[in-house]
Every structure is written in structure tokens, then in C-alpha cells.
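Scroll down for the structure; my scribbles are underneath it.
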Amino acid sequence: MTVEIDISKNMSPEPELMCIFGTGDLGRSLGLRLLQCGYRVLYGSRTPHSCGPLPQGAQVMTHEESARSAKLIFICVHREHYEFLEKMAPQLERKVLVDLSNNLKKDMYMEANAVYLQSVFSRLVPKAAVVKGLNTLSAWALQNGLLAGRQVYLCGNNEEAKRDVAEMATKLGLTVVDKGSLSAAKEVEDFPLQLFPEWRMPLYVAVGLSAFFFLYLLIRDIIYAYVENDEDISYRIMISLANKVSPIMSLIMLALCYLPGAIAGFLQLYRGTKYRRFPNWLDRWMLCRKQMGLLALGFAFLHVIYTLLIPVRYPNRHKVISSVVNEMKNNNTTPFYFDNTKAWGADSLFALGILGFFLFVLLGLTSLPSVGGTLSWREFSFVQSTLGHLTLFLCTAHCYIYAWNKFLRTSTYKWYTPPGSMLCLIVPSVTLVLKLILVLPCVNRPLMRIRQGWERNRPKDEMGELKATNM
């Protein structure tokens, strides 16, 4: 008695084959990632025998030979080399071409690269579909596997082709955003050419305020001493002046992170609803709070570094050495004078600065996706809101203690201008006062009701229906 065994049922299906046109850095990195995700990879090259090292497990053939075997073909070549595609129209019948190309600058061509490809194939190979996508991935990100949750954009006129590409991108660990038809290809191609779009407004604010305070303190400290006292202290520009600008900027930028939230709360109270959009300027402000906070942390690091460098500066060392030499020559010592008020002020200044900087670093760490992703929403909100406002309070108190004995001194108002340590307290003080008002029970209760969906001007019958649906 013979038993027939169907071996085909126990065999796993053969992995899908992917074709890549282009053996440069991007093509090799994409092939490596596809191989790691279980696909087979076949490269198409003009010179298959001398195209350099390729990922282990990949094969290489001519463009015509490789195009016959795969349904998905990735175009990893520049637009000026597209002419070879026109010569292989028969091999591209019913294929999906994924265009990964980017240009060197915006508006380099009248039409998008993918639109140009589609116009060519609509004439030569009507049944070939072009999909624009994956062009925001860099070779470095593909090589190092930094793709988990990363957004990529797809657009194309063929829905089935986009679905196939989206399925493949999802297996790579990417998050796909469908931008519609190929008319959006120009926008998709412009994404990699944008230079820190989310950082633009925070950087403008930081550079503008830094320039203002630098010039302001330059006039007050350096130019004033030269004009009024005929004293050249220009050497202070590099360290002393920078050490005044950096803490001022750190405190103001931190306050600017939390000021829009307070403004939004009062705006919702005034409107009596949360369903009306904020003004555009407030929307943009709230969307870049993370970047402002990171810039504030950077300025705080500069302040710490500059402060640690002050004792080793030449003027400070010269002052200490001179005082020691004078005491040795005169055979006397300066008597120690203890001022309890100054001691308390100095220790409080350092203690608040250390605690504020510690919480500052904690806020910066939790803003990282790898850290913030491990926190629940309540934990993240507690760190970023409660500890954030505590950080702002400690840093503001640190500055108040530094400047407390300067408010009433007429000598501090050089050319009738207040010192920078007083000016920098305006924004954080206003932010803390507004936050204090919002946490008062008489204000916080209606604000929480509004944020839970209650509206002041909604009819009672609609409110009853809303409550019934939420139960």
C-alpha cells in the first residue's frame, strides 16, 4: 500500500519579488530593508556585471530582464536618466512603477517627476501605473532600520496600485498617508526639500529675541562703560554678555511654551465653547511649543556651561591672584565678613537654579518620542503640564532672587533703561499669573465643563440629548 504525500501543502509560499531600478545608495538601502522584511530583491542595472556591492541575497540583471519578473518596480534614479524607461515599454506592461525620485530644488521642472512618468507611459504603456511615494526616506534611515511609525506619502491615479504599495510600506513598518491622485505629486516631491518647517517660527522668535537682548545688553554694559567711565570692557562680550543673554532667552522661551495654553483657556471661557477654532496665530503658536521648549533647554545648557567657565576666565584668575599677592606684600589678610542675607540669597539662587535645570532636562527627555511613547496620557500630561509649570516657577524665582536688590537701585538704570534680568521677568510672570487664575476653582470648573463638551449657548433640549448619548 502506497501513501501519497502532498508536499506542496507543507511548503511555504515563495516570497514576493521586488524589482529596483538603480544601484546607488538609496537603491541598495531599500533593497537591504526589503530583504530584511522577507521579500526577494532583483536589481535592474545598465551594467549588471560592474555595479558595485549589493545586499547579500539580492540578484542583479539588465533592466529588461528584471522588469519581466516583478510586479512592483522601484525607480531609484534621477529624472534626467528616465530615457531608458521609454525603450522598454513591452516589459512594463501591467507593472506598478513606484517613483522615489527627488529634485535638487523646488520648481526645478514645470511638472512633477511622477506626472512626467505617467504622461510618458500613458502614451507608450497605457496599462502601467505610476505611484509617487517613499521619496521622504533617506538611505541612512533605511540602512539603520529607523522606520517604525515613520510617515510616508503616496499618490497615484490607480487605486489598486496604491493599495499594493501601501501594503508593502506597512510591512516595512511605515505609516502610509494617501495624498490622493498624481496631482499631489508636486507637493509630495517638495516634502524632502523643506528645511525644518516645524522649527521655522521658533527659530525666528529665538534669533529675533537673542539679537534684541544682545544689542540691548551691549549698549547697557559695554558701550555705557566706555562712554560714561572711559573703560574698555569689550572682552566681556564673549562670555559675560553671552551668559546674560542665554538665561534670559531660556526663561522667556520656556514661558512662551505655556503662555498659549493659558490664552487658549481664557478664549474658551470667553466663547463658552471648545468647538470654535482658535485664531491662526494661536494655532501655529500651540503647534510649535515643543520646539520652543527644546530651544529653551538649549539656552539653559549654554547658561550652565558659561557659568562653570567663569572661574577659569583670565579676568577672574587675575583678580584672585592680585588680591593674594597684595595681601602677601602688605602682610595682612582681609577679614571675613559674614552677611546672613547674602548667604541665604546666594544659596537660594543656586538651589533654585539646580532644581529648575533638573526639571528642565526631565521635560526635554519626556518630549523625545522614544521616552514619551512609554508614558500614558495622564503621565505625559503630568510631566509636561504640572512639572512644566513648576519648572517655570522655579526658574522665574531663580531670576527674581538674582534681581531682587536691583529693582530700587537708581544705579542699575543705566541711561534710564532697566537691566535685562528685570525685562526677562515680564513674560514668565504674566504666564504664571494667568495659570494661577485658571486653576482657581471658580474658573477651573467651568473651563473643565467646556473642555468636556458643554456649550454656554446650546439649547437645553440639545444638552439633554448630548447627555443621553454620552451615558
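The values are calculated or read from the model by the stated rules, or taken from the named source; none is laboratory data. Predicted model only: the values in this text are computed from it and were never measured. Note: ideal-geometry Cβ built from the backbone for every residue, glycine included; neighbour counts use all protein chains shown.
May I ask you to list the residues in segment 122-159 that are part of a helix (DSSP H, G or I) and either touching a strand residue (DSSP E or B) at 6+ places or on another chain (Cβ under 8 Å) or buried (at least 18 other Cβ atoms within 10 Å of the Cβ) (or both)?
To start, the set of residues in segment 122-159 that are part of a helix (DSSP H, G or I) comprises 122-124, 139-144, 159.
Matches in segment 122-159: Leu142 only.
Residues are listed down the side, and each one gets a yes or a no for (1) surrounded by 15 or more Cβ atoms within 10 Å (Cβ to Cβ); (2) out of contact with any strand residue (DSSP E or B) (no Cβ under 8 Å at 6 or more places or on another chain); (3) modelled with pLDDT of 90 or more:
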{"position": "Gly52", "(1), (2), (3)": "no, yes, no"}
{"position": "Gly57", "(1), (2), (3)": "no, no, yes"}
{"position": "Val60", "(1), (2), (3)": "yes, no, yes"}
{"position": "Phe74", "(1), (2), (3)": "yes, no, yes"}
{"position": "Val77", "(1), (2), (3)": "yes, no, yes"}
{"position": "His81", "(1), (2), (3)": "no, yes, no"}
{"position": "Glu86", "(1), (2), (3)": "no, yes, no"}
{"position": "Pro90", "(1), (2), (3)": "no, yes, no"}
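Out of everything in segment 324-349 that is of a type in the set (D, E, K, R) and within 30 Å of Cys399 (Cβ to Cβ), what residue ends up being modelled with the highest pLDDT?
Narrowing segment 324-349 to residues of a type in the set (D, E, K, R): 327, 329, 339, 342, 347.
Applying the additional criterion that residues be within 30 Å of Cys399 (Cβ to Cβ) yields 339, 342, 347.
On the way: Asp339: 71, Lys342: 81, Asp347: 89.
Per the criteria, the residue is Asp347.
Scan Val115, Val176 and give me the residue that is among the aliphatic types (A, V, I, L, M), assigned by TED's automatic domain parsing to the domain that holds Gly44 and over 23 Å from the mean Cα position of the chain (by Cα). Talk me through it step by step, then tell me what you get.
Numbers: Val176 fails: over 23 Å from the mean Cα position of the chain (by Cα).
Val115 is the lone residue from the list that is among the aliphatic types (A, V, I, L, M), assigned by TED's automatic domain parsing to the domain that holds Gly44 and over 23 Å from the mean Cα position of the chain (by Cα).
Got a number for residues in segment 224-246 being in a helix (DSSP H, G or I) and farther than 18 Å from Ser421 by Cα? Spell out how you get there, then give the answer.
Quick first cut of segment 224-246, residues in a helix (DSSP H, G or I) only: 224-229, 234-237, 240-246.
Those left that are additionally farther than 18 Å from Ser421 by Cα: 225-229, 234-235.
Total satisfying the criteria: 7.
Having 1 or more residues that are of a type in the set (Asp, Glu) is the bar; report the strands (runs of 3 or more DSSP E) wholly within segment 51-113 that clear it. It would help to see each step written out before you state the result.
Details: elements: 59-61, 72-75, 96-99.
Of the strands (runs of 3 or more DSSP E) lying wholly inside segment 51-113, those with at least 1 residues that are of a type in the set (Asp, Glu) span 96-99.
Working carefully through the options Leu104, Leu134, Leu124, find the one that is assigned by TED's automatic domain parsing to the domain that holds Val165, modelled with pLDDT under 90 and closer than 17 Å to Asn158 by Cβ. Talk me through it step by step, then tell me what you get.
Working: Leu104 fails: closer than 17 Å to Asn158 by Cβ; Leu134 fails: modelled with pLDDT under 90.
Leu124 is the lone residue from the list that is assigned by TED's automatic domain parsing to the domain that holds Val165, modelled with pLDDT under 90 and closer than 17 Å to Asn158 by Cβ.
Can you name the residue in segment 277-311 that is of a type in the set (D, E, K, R) and free of Cβ contacts under 8 Å to residues at least 12 places away in the same chain and is also surrounded by the most Cβ atoms within 10 Å (Cβ to Cβ) among such residues?
Within segment 277-311, the subset of a type in the set (D, E, K, R) is 277, 283-284, 289-290.
Now narrow it down to the ones that are free of Cβ contacts under 8 Å to residues at least 12 places away in the same chain: 277, 283.
Working: Arg277: 7, Asp283: 12.
The residue in question is Asp283.
Just checking: which of the helices (runs of 4 or more DSSP H) contained wholly in segment 348-445 hold 2 or more residues that are without any contact (Cβ under 8 Å) to a residue 12 or more places away in the chain and either within 26 Å of the chain's Cα centre (by Cα) or loosely packed, with under 14 Cβ neighbours inside 10 Å (or both)? Even if it seems obvious, please write down each step before you answer.
Working: elements: 369-372, 377-381, 388-403, 420-423, 426-438.
Hits in segment 348-445: 369-372, 377-381, 426-438.
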